[in-house]
Protein chains: 2
Amino acid sequence: MQTLTVELADRSYPILIGAGLLDQGEYWRRYIPGRQVLVVSNDTIAPLYLQRTLAALDGLQTAHVILPDGEQYKTLEVLNRIFDALLDARFDRGCTVLALGGGVIGDMSGFAAACYQRGVHFLQVPTTLLAQVDSSVGGKTGVNHAAGKNMIGAFYQPRAVIADTDTLNTLPDRELAAGLAEVIKYGLIRDLPFLDWIEENLPALQARDPAALTHAIYRSCLNKAEIVGRDERESGERALLNLGHTFGHAIETGTGYGQWLHGEAVAAGTVMALDLSRRRNWLEPQDVERVVKLFQRAGLPVTAPRELATDDFLRLMAIDKKAKDGRINLVLLKELGHAVICDDTPTELLRATLDAFCC
Amino acid sequence: MQTLTVELADRSYPILIGAGLLDQGEYWRRYIPGRQVLVVSNDTIAPLYLQRTLAALDGLQTAHVILPDGEQYKTLEVLNRIFDALLDARFDRGCTVLALGGGVIGDMSGFAAACYQRGVHFLQVPTTLLAQVDSSVGGKTGVNHAAGKNMIGAFYQPRAVIADTDTLNTLPDRELAAGLAEVIKYGLIRDLPFLDWIEENLPALQARDPAALTHAIYRSCLNKAEIVGRDERESGERALLNLGHTFGHAIETGTGYGQWLHGEAVAAGTVMALDLSRRRNWLEPQDVERVVKLFQRAGLPVTAPRELATDDFLRLMAIDKKAKDGRINLVLLKELGHAVICDDTPTELLRATLDAFCC
């Protein structure tokens, strides 16, 4: 088991990473302050892991709520079912909301914990690679709105994150690949040695080798924690984590939530951001080619969806949260392993990238 | 104009109190950091003050949304209309949500500001006495759930509060009285000289004399700010502000939201809390009588609603946010002007009070 502390003053918390943690409640029950726990899961994950989770919580007062699986259910309306469950169980201010599932369950459970009685405890048990390396760190919670992704939410930190690599054994290949997109991202923005390591260990990761997965999750969370620790509320440096996300969110929104996995959209969006970086003469063509090849080996898309045209992208990117007072902030690479935030990208270069990727 | 600063470290903000402030944008526009402002109001207040508010914001990019008036509309569903309006206007992270109305508008606007893109700026222009003396200070925002009042929400501070006493000229007498219940509460819990002042100046307050109102608002906010400044998240002392509220929330929930005004329920609930304090031998019968007389002069109820029985109260009070791990915390008075938080009230005394007030 590896442990990492996310340093956020009085909101610091540990991430426990390893094989078999789910059944080892003795390691993580100490992070549940009260006696009431609501387990929130979805109809894919609950049949696999709910009973084991409840068994690990034996002796506490537990309740659970099972939400439908999918990004399209990440809405205020479905969120309300978590509040219904908390109130049905008559849970008070000292209760804990435990998220058992992927990013959608984590985002909604965390937001519910942030809002229930103006804030109760929150524990994350992420069961996808994406959730383990991304939403484990940063405290971003929330739901989507018909007009935009993650438009409604809160910054809210968990008491602890329990990342059991064994839960990845039931993860479909497509979702493992989507998680790898974010792992690769950490290498690209600030950790070139990690990028080298991923290129070398991709087969072990794809074979779900526990040691390789533990290292990849640890190093990803470490990189993210260093950034978030310096910029919790995303006023500056934290935006580096959005490499590929402005394009990616446009893809997710433009194709309708649930068509593309988040990590898939981020992979394609990252290639677009790298193409734009090349047009700014910061990257060499072979840098872009190297990353395209890695994404392809990982089974990730490297082109934009057919149905979106250049103007669709421009329209969708303007409403993205990263847009401030009308200007588009983009994360680009000065070189591999070194991301920067740019608000001065010439529109004709952006159009050139979009034209190259769109029909 | 009187100004008071609510001291909360990097979230400190001013309360401006006086006659005619609404039209004097030059005093308060400095508290709007960006250029985008969404004014949230209701269909009672908007016809009276929306155009004047928008005029005071001349030159900024404004939009507005008008919600139905009433506590029964303080729901997640209606909250979503604020998000719709923000997204329709394509407002970004730098925007400000301005609440123009009473407590319901303030609570919902503040919660929307807390959640929109995980937090935007918030400005309050309260137009009821209750909102001016209560929700102006403390940062409590949120919506109701069918199973309980204010069950979903956030602590979120405004950039400033603008309390224009002239807006009270259009306030119905019943709502002015409801606001006076909270004003009287500050005297009861910690400011006996203020209680004396209210008894003397009640006619001036009821005649809406601007100087008397300005003083009452200032002194109420000062008392609340001192408490909140020491206990922002309601872990201890802040609970003193809940004098009458545990009984009061039971009345509001038990009769269905919107039947009793919040201040009316607090007045009746306060008399119940004082009766219980007398049964604990802390107050003399004449202390209770003095307060009953003041509430009656103010036009406030001093008895529980007929439809609630003792057991209804006990059931409703157990789900109240003030209940922790099943124990009921109650705010009682050791003497007039000195409130304490008690978790050791003998159930038979509580029952005796409830029996005395219920059919």
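Every read-out reported here was derived from the displayed coordinates using simple, explicitly stated rules and does not represent laboratory data. Predicted model only: the values in this text are computed from it and were never measured. Note that each Cβ is placed from the backbone with ideal geometry, even for glycine, and that neighbours are counted across all protein chains shown.
Is the shape of the range A:178-357 best called rounded, prolate or oblate, per the rule: a/c under 1.5 gives rounded, else a/b larger than b/c gives prolate, else oblate, with a ≥ b ≥ c the square roots of the Cα gyration tensor eigenvalues? Cα axes put the range A:178-357 in the prolate bin.
Where only DSSP H runs of four or more residues are counted, chain A gives -14000 deg cm²/dmol as its mean residue ellipticity at 222 nm, each run worth -39500 (n - 2.57). Restricting the calculation to alpha carbons of chain B gives Rg and Dmax of 19.7, 63 angstrom.
Ordered shortest first, which distances in nm separate the 7 Å Cα→C-beta label point of B:His338 from those of the other copies? Counterpart label points of B:His338 in the remaining copies fall at 6.9 nm.
Three principal axis extents of the protein assembly as shown based on alpha-carbon atoms, in descending order, are 87, 61, 36 Å. In chain A, the longest principal axis of the Cα atoms and the axis of helix A:192-206 are about 60 degrees apart. With a 10 Å cut-off around each Cβ of A:145-152, the average count of Cβ atoms from other chains is 5. Relative to the other identical copies, A:Pro47 shows label-point distances of 5.7 nm, where the label point lies 7 Å from Cα along the Cβ direction and values run shortest first.
In a reduced charge model with +1 at each Lys and Arg Cβ and -1 at each Asp and Glu Cβ, the protein assembly as shown shows a dipole moment near 460 debye about its Cα centre. The slack in the chain from B:Asp173 to B:Thr3, taken as 0.36 nm per residue of separation less the alpha-carbon distance, amounts to 58.6 nm. Rounded to the nearest 10 degrees, the inclination of helix B:103-115 to the longest alpha-carbon principal axis of chain B is 60 degrees. Here the range B:2-170 is treated with +1 on each Lys and Arg Cβ and -1 on each Asp and Glu Cβ, and its dipole about the Cα centre works out to around 440 debye.
Taking the centroid of alpha carbons for each part, the range B:167-233 and the range B:1-29 are 17 Å apart. Comparing mean-square fluctuations of B:Arg278, B:Arg290, B:Arg208 from a GNM of chain B with C-alpha springs under 10 Å, the top value falls on B:Arg290. The distance separating the Cα centre of the range A:118-142 from that of the range B:259-288 comes to 44 Å. Here the Gaussian network model covers chain A, with springs between Cα atoms less than 10 Å apart; of A:Val137, A:Val125, A:Val228, A:Val228 fluctuates the most.
Highest-first packing order for the peptide set B:153-164, A:37-48 is B:153-164, A:37-48, based on the mean count of other beta carbon atoms within 10 Å. The ranking of B:Asp312, B:Asp134 by Cβ neighbour count inside 10 Å, starting from the fewest, reads B:Asp312, B:Asp134.
With both labels modelled 7 Å from their Cα along Cα-to-Cβ, the A:Ala55 to A:Asp43 distance reads 2.5 nm. Please build a GNM for chain B, connecting alpha carbons under 10 Å apart, and tell me which residue among B:Thr347, B:Thr214, B:Thr127 fluctuates the most. With Cα springs under 10 Å in chain B, the top fluctuation among B:Thr347, B:Thr214, B:Thr127 is at B:Thr347.
Between B:Asp355 and B:Glu289, the FRET efficiency estimated from the beta carbon spacing at R0 = 22 angstrom works out to 0.65. In terms of the Cα gyration tensor, with a ≥ b ≥ c the square roots of its eigenvalues, is the range B:2-170 rounded because a/c is under 1.5, prolate because a/b exceeds b/c, or oblate? Since a/c stays below 1.5, the shape of the range B:2-170 is classed as rounded. Placing a label point 7 Å from Cα along the Cα-to-Cβ axis, B:Ala204 is separated from the same position in the other copies by 8.0 nm, shortest listed first. For chain A, the longest principal axis of the Cα atoms and the long axis of helix A:210-230 meet at an angle of about 80 degrees. Rounded to the nearest Hz, the phi-derived 3J(HN,Hα) couplings of the range B:162-174 under the Karplus curve 6.51 cos²θ - 1.76 cosθ + 1.60 (θ = phi - 60°) are 10, 9, 8, 5, 4, 5, 6, 5, 9, 7, x, 3, 4, where x marks glycine and proline.
Under 5 Å from the amide H of A:Asn150 lie the amide H atoms of A:Asn144, A:His145, each residue being 5 or more positions distant or on a separate chain, with H modelled from the backbone and absent for Pro and chain starts. By the count of other C-beta atoms within 10 Å, a proxy for reagent exposure, B:Ile251, A:Ile105 are ordered fewest to most as B:Ile251, A:Ile105.
Sorting B:Leu349, A:Leu308 by the number of Cβ atoms found within 10 Å of their own Cβ, with the fewest placed first, yields B:Leu349, A:Leu308. Taken residue by residue and averaged, Cβ atoms of other chains lying within 10 Å of the Cβ of A:84-93 number 4.
Under the convention that each Lys and Arg Cβ holds +1 and each Asp and Glu Cβ holds -1, the size of the dipole of chain B around its Cα centre is about 660 debye. Classify the range B:118-158 as rounded, prolate or oblate from the Cα gyration tensor: take a ≥ b ≥ c as the square roots of its eigenvalues, call it rounded if a/c is under 1.5, otherwise prolate when a/b beats b/c and oblate if not. Oblate, because a/c is 1.5 or more while a/b does not exceed b/c.
The amide H of B:Asp43, built 1.01 Å from its N in the peptide plane, has B:Leu67, B:Asp69 as neighbours under 5 Å, considering only residues 5 or more places off or on other chains. Between A:Ala309 and A:Ala147, take the C-beta separation as r, use R0 = 22 Å, and let me know the FRET efficiency to the nearest 0.05. That pair, A:Ala309 with A:Ala147, gives E of 0.65.
If you take all other residues with their beta carbon under 11 Å from the beta carbon of A:Ala309, and give Lys and Arg +1 and Asp and Glu -1, the sum is -2.
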